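Undergrad: Would you mind keeping the following structure in view while I ask a few things?
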Amino acid sequence: MAVLHTTINGEAITADVDPSISLAQFLRDNLYLTGTKIGCGKGECGACTIIMDGKSVTSCIIPVLRAEGAVIQTIEGVAKNGKLHPLQEEFINQGAVQCGFCTPGMIMSAKALLDENPEPKKEEIREALGGNICRCTGYVNIERAVEAAAQRIQKGE
Ligand code: FES
Ligand code: FES
């Protein structure tokens, strides 16, 4: 076992961890933050996307000890004080969720983009979501949801 110190959704965490597991496994199995999904487990589908030190990353291929000293945000940390983030609301409003398996990863990729660039062009949205696969809804409504959220964020929401 090893000791990990990290910050997750604003909370400082110290935990004994098995160094052979991935960050996604740690989030789900040790912290019960099961909004982060594991689909492929190989860095190819984006279901496990989180934000680590401001960048979207696929947590299934990150060894847990790489989170030492990092600042991490998961889907559970996106709503604030019981209020959904504009991205979460617009995924609902625009019909961008069907089974929901890809949704946390999509939202985390989109949030990393909008945190850095609140006025993205369509191509920039496509590029930011390029590593996230959805098997149900299709990408048109997802792009629309990100555009609508961006407009709300630009208005100060
Ligand atoms: S589960 Fe991590 S990229 Fe697919
Ligand atoms: S909504 Fe089912 S995989 Fe995207």
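The values are calculated or read from the model by the stated rules, or taken from the named source; none is laboratory data. Note that the structure is predicted; figures quoted are calculated from it, not measured. As a convention, Cβ positions derive from the backbone with ideal geometry for all residues, glycine included, and neighbour counts pool all protein chains shown.
Undergrad: Which pairs do you get when a residue that is without any contact (Cβ under 8 Å) to a residue 40 or more places away in the chain, found in the stretch 84-109, comes within reach of a residue that is basic (Lys, Arg) and part of a loop (DSSP other than H, G, I, E, B), reach meaning Cβ atoms under 8 angstrom, with the pair 6+ apart or on two chains?
TA: Listed pairs, sorted by first residue: Cys99/Arg135.
Undergrad: It is to be established whether one or more residues within the stretch 88-99 are within 17 Å of Leu27 (Cα to Cα), modelled with pLDDT of 95 or more, in a helix (DSSP H, G or I) and under 12 Å from the mean Cα position of the chain (by Cα). Spell out the reasoning first.
TA: Initially, the stretch 88-99 is screened for residues within 17 Å of Leu27 (Cα to Cα), giving none.
No: zero hits.
Undergrad: What are the residue pairs meeting all of these: first residue in the stretch 32-43, first residue closer than 17 Å to Ala79 by Cα and not assigned by TED's automatic domain parsing to the domain that holds Gly105, second residue assigned to a loop (DSSP other than H, G, I, E, B) and within 16 Å of ligand 2 (Cβ to nearest atom), Cβ atoms under 9 Å, and 6 or more apart or on different chains?
TA: Correct list of pairs: Thr36/Ala47; Thr36/Cys48.
Undergrad: If I ask for residues that are in a helix (DSSP H, G or I), surrounded by fewer than 21 Cβ atoms within 10 Å (Cβ to Cβ) and either within 16 Å of ligand 1 (Cβ to nearest atom) or among the acidic types (Asp, Glu) (or both), which ones from the stretch 105-146 would you list?
TA: Ala112, Asp115, Glu116, Glu123, Glu124, Glu127, Glu143, listed by residue number.
Undergrad: Collect the residues in the stretch 67-104 that are away from ligand 2 (no atom under 16 Å from the Cβ), of a type outside the set (A, V, I, L, M, F, W, C) and surrounded by fewer than 18 Cβ atoms within 10 Å (Cβ to Cβ), keeping them in residue-number order. Break it down into steps so the answer makes sense when it comes.
TA: Step one: of the stretch 67-104, the residues away from ligand 2 (no atom under 16 Å from the Cβ) are 67-74, 76-86, 89.
Next cut, of a type outside the set (A, V, I, L, M, F, W, C) only: 68-69, 73-74, 76-77, 80-83, 85-86, 89.
Passing the criteria: Glu68, Gly69, Glu76, Lys80, Asn81, Gly82, Lys83, Glu89.
Undergrad: State whether one or more residues within the stretch 53-65 are more than 19 Å from Met106 (Cβ to Cβ) and of a type in the set (A, V, I, L, M, F, W, C). Break it down into steps so the answer makes sense when it comes.
TA: In the first step, residues of the stretch 53-65 are kept if they are more than 19 Å from Met106 (Cβ to Cβ); the result is 53, 63-65.
From what is left, the residues that are of a type in the set (A, V, I, L, M, F, W, C) are 64-65.
Yes; the residues of the stretch 53-65 include at least one that is more than 19 Å from Met106 (Cβ to Cβ) and of a type in the set (A, V, I, L, M, F, W, C).
Undergrad: Let me ask something else. Quickly run through the stretch 55-87 and pick out the residues that are more than 16 Å from ligand 1 (Cβ to nearest atom), of a type outside the set (Lys, Arg) and either part of a helix (DSSP H, G or I) or closer than 19 Å to Glu157 by Cα (or both).
TA: Across the stretch 55-87, the qualifying residues are Leu65, Glu76, Gly77, Val78, Ala79, Asn81, Gly82, Leu84, His85, Pro86, Leu87.
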